[in-house]
Amino acid sequence: AAESAASQPLLRSVGKKEKTTNDSILEPLCFPESPAGGGGGGAAGAEPLLCLLCAESVGPRDRDVLLRHVLLQHRLVIADVKLIADLPKYLLYWKGRFLEQPLTDFCSVIKTNSTGPVEKQEEYFLLCDILPEDRLLREKLQQKRLEEILEQQQKERDDSSFQRLCMFCSEEFTGNRSSLLNHMAREHSFSIGLPDNIVYCNEFLDALQSKLDNLQCLYCEKTFRDKTTLKDHMRKKAHRRINAGNREYDRFYVINYLELGKTWEEVQSEDDRDLVDDEDDDWSDWRAHPVCAVCLFCDQQSETMDKIYTHMQEAHGFDLHRLRTDLNLKFYQQVKLVNFIRREIHQSRCYGCQERFGCRAEVLEHIVAAGHVMKLPETSAWDQPQYYFPTYENDALLCTLTDSDGESGGTDRSEDVPVIAEDISNLHTLKQTSVLKQLLRNRSSCS
């Protein structure tokens, strides 16, 4: 795919011409959820599928043909075939067992038309995991498949020979698959998940690239007449994501191999109330999930805010605490400033002088060379309501901002709150209709 016409830019997050006329970001971007972490072979085996009771065999992709044969010729039904991790080995095992003992020793017998005449009754055999031997076999095959998947995943995580073009721009990535996946999530707001949760990554990307080559939307999977129409559709409809309901993608996620008979949706939707209640309610072993904050200028992440602030000061010369103190920034002003800088960097534009560049690396080089790291434009440029909304929806840096010293004192909290005076254009009428005057009059009449 790298040498085909599809390797040319298909969908850019913001085109060069669009940048000069439209700086809006229609949907929030998203940081990769973890720091940077190959190709892989297909999950499906190449072994033929053997009939359990005769010499018939079919190719690995003709499962339904074999199941129809087993049902019509041998009246045998295999329950939950889709949940069998390795169907060829499953069939081979039972083929051997059926040669040793009769079918009725393993299968439940189901009679059709049981209330009718005996000559019209038919017997069918059900092979399912109610039988302990069958259940154990399925679990062993599932465990073996999981071990193979984790081994394959580890190979891809360690693979440094990965080489591929971005699906949405012409940038090429080499080294590790996480560099491309993180790039698509950061620059194009397209995330297929954490790199560590994906297996057979090359095949996954091939499948997605094939859809784009065929002018097919990745989410709704509609086909369009040209690339421009497809790009506009995916941008306007926020369809720059994959269709979670498409089962073709299930085999590319490790979560689908973890538990026998459960899809990723079932695993995620499990209710904690189904777990055994602990009356002691001991939370001593609770470990909070660390929140990673991302640098304003590069991909550096840290689980502690002190480290990320120190990194920005030492690596980029940017001191957010100093800006907050010097400009006496209130909390929401800090929020708007962070979102403003995020958006300018994402759009490859210097936030200090508004000069635009071809990529983020160029604008960062300019900011340092020109000494614009701590240079901010006029307050009116960034103190705008649009910057209340995060540029990146999972920006942990916003959660760590604090009020300035001047605001925390509580003496000037109401200085910006408008006070609307009462209308006293007709003071005489106001006095005559005063509620207090009416009360005094009523009190005098009562006494």
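The values are calculated or read from the model by the stated rules, or taken from the named source; none is laboratory data. Nothing here was measured: the structure is a model prediction, and the numbers come from that model. Cβ sites come from the backbone with ideal geometry, for glycine too, and all protein chains shown count toward neighbours. Note: areas computed on protein heavy atoms with side chains; ligands, DNA, RNA excluded. Shrake-Rupley method; radii C 1.70, N 1.55, O 1.52, S 1.80 Å.
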_Residue within the stretch 370-383 that is outside the structural domain of residue 188 (by the TED database), open to solvent by less than 50 Å² (accessible area, probe 1.4 Å), part of a helix (DSSP H, G or I) and within 19 Å of residue 293 (Cβ to Cβ) present_ = no
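Using the structure shown, decide if residue 151 is at pLDDT below 90, in a helix (DSSP H, G or I) and open to solvent by 40 Å² or more (accessible area, probe 1.4 Å).
Working: at pLDDT below 90: no; in a helix (DSSP H, G or I): yes; open to solvent by 40 Å² or more (accessible area, probe 1.4 Å): yes.
No: the conditions fail for residue 151.
I'd like the full set of residues that are open to solvent by 20 Å² or more (accessible area, probe 1.4 Å) and either within 19 Å of residue 345 (Cα to Cα) or part of a loop (DSSP other than H, G, I, E, B) (or both), limited to the stretch 184-199.
187, 189, 191, 193, 194
Filter the stretch 203-249 down to residues that are small (Gly, Ala, Ser) and assigned to a helix (DSSP H, G or I) and give me whichever is least open to solvent (accessible area, probe 1.4 Å).
Residues of the stretch 203-249 that are small (Gly, Ala, Ser), as a first pass: 207, 210, 238, 244-245.
Then drop every residue that is not assigned to a helix (DSSP H, G or I), which leaves 207, 210.
Values: 207: 36, 210: 54 Å².
So the residue we want is 207.
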*asked:* Looking at 136, 91 in this structure, which one is modelled with pLDDT of 90 or more, assigned to a helix (DSSP H, G or I), out of contact with any His (no Cβ under 6 Å at 6 or more places or on another chain) and open to solvent by 80 Å² or more (accessible area, probe 1.4 Å)?
replied: 136
*Return the total of residues in the stretch 334-367 being surrounded by 13 or more Cβ atoms within 10 Å (Cβ to Cβ), in a helix (DSSP H, G or I) and either over 29 Å from the mean Cα position of the chain (by Cα) or not assigned by the TED database to the domain that holds residue 300 (or both).*
2
